[in-house]
Amino acid sequence: METDEYFMRHAIKEARKALKNEEVPVGCVIVKDGKIFAKGYNKKEQKKCAVYHAEIVAIENACKKLGDWRLNEDFTMYVTMEPCAMCAGAIVNHRIKKVVIGITEQNFGACGSGIDILNNQNLNTKTEVITGVMQDDCKKLLQDFFKQRRDIDKK
């Protein structure tokens, strides 16, 4: 059986695809029965639309493949950065049972760092959340991206 690190490595590969397209490097894979079922990476700039976060792209791909919007058959999401409120809402609405996160995001994170949509009693939600998987690798991708952007802006 594959480990959380194995699947996070694949999410990092997706994040690198975003990076090649000058997108914020966030990647996501959705796993079912110990196998990668769907993938996604940030495409906001490419699609010229703010909803194309890695999680949304991966969820859309999973729904198309499954032929249903309910991803409650023991699907697990691996994502390099903590989902925002929009993505956390999508996770809840698609009934994903478990989310594994590389790095948390205090300012915009909605899975426990800033706010907690995935385990909000008012919304009657309960999603297992694991954080810190390959945290250093995920953090370095983002830090390098933003450092490069600042360097470009200085020129």
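The values are calculated or read from the model by the stated rules, or taken from the named source; none is laboratory data. Computed from a predicted model, the values in this text were never measured in an experiment. Positions of Cβ are backbone-derived with ideal geometry, glycine not excepted, and every protein chain shown enters the neighbour counts. Side chains included, ligands, DNA and RNA excluded: accessible areas come from the protein's heavy atoms. Shrake-Rupley method; radii C 1.70, N 1.55, O 1.52, S 1.80 Å.
Contact map, the stretch 32-50: residues that are of a type in the set (D, E, K, R) paired with residues that are assigned to a loop (DSSP other than H, G, I, E, B), Cβ distance under 6 Å, separation 6+ or inter-chain. Pairs shown: 32/75; 43/52; 44/50; 44/52; 45/23.
Against the definition (open to solvent by less than 80 Å² (accessible area, probe 1.4 Å), touching a residue at least 24 places away in the same chain (Cβ under 8 Å) and not hydrophobic (A, V, I, L, M, F, W, C)), how does residue 72 come out, yes or no? For residue 72, the condition - open to solvent by less than 80 Å² (accessible area, probe 1.4 Å), touching a residue at least 24 places away in the same chain (Cβ under 8 Å) and not hydrophobic (A, V, I, L, M, F, W, C) - is met. Checking the conditions here, which among 109, 67 is among the small types (Gly, Ala, Ser) and free of Cβ contacts under 8 Å to residues at least 24 places away in the same chain? Checking each option against the conditions leaves just 67.
Report, by residue number, each residue of the stretch 13-26 that is over 11 Å from residue 142 (Cβ atoms) and either part of a strand (DSSP E or B) or not charged (D, E, K, R) (or both).
Selection gives 21 alone.
Among the residues of the stretch 112-142 satisfying the criterion of being loosely packed, with under 15 Cβ neighbours inside 10 Å, in contact (Cβ under 8 Å) with a residue 12 or more places away in the chain and out of contact with any strand residue (DSSP E or B) (no Cβ under 7 Å at 6 or more places or on another chain), which is nearest to residue 3 (Cα to Cα)? If we take residues in the stretch 112-142 being loosely packed, with under 15 Cβ neighbours inside 10 Å, in contact (Cβ under 8 Å) with a residue 12 or more places away in the chain and out of contact with any strand residue (DSSP E or B) (no Cβ under 7 Å at 6 or more places or on another chain), then 132 is nearest to residue 3 (Cα to Cα).
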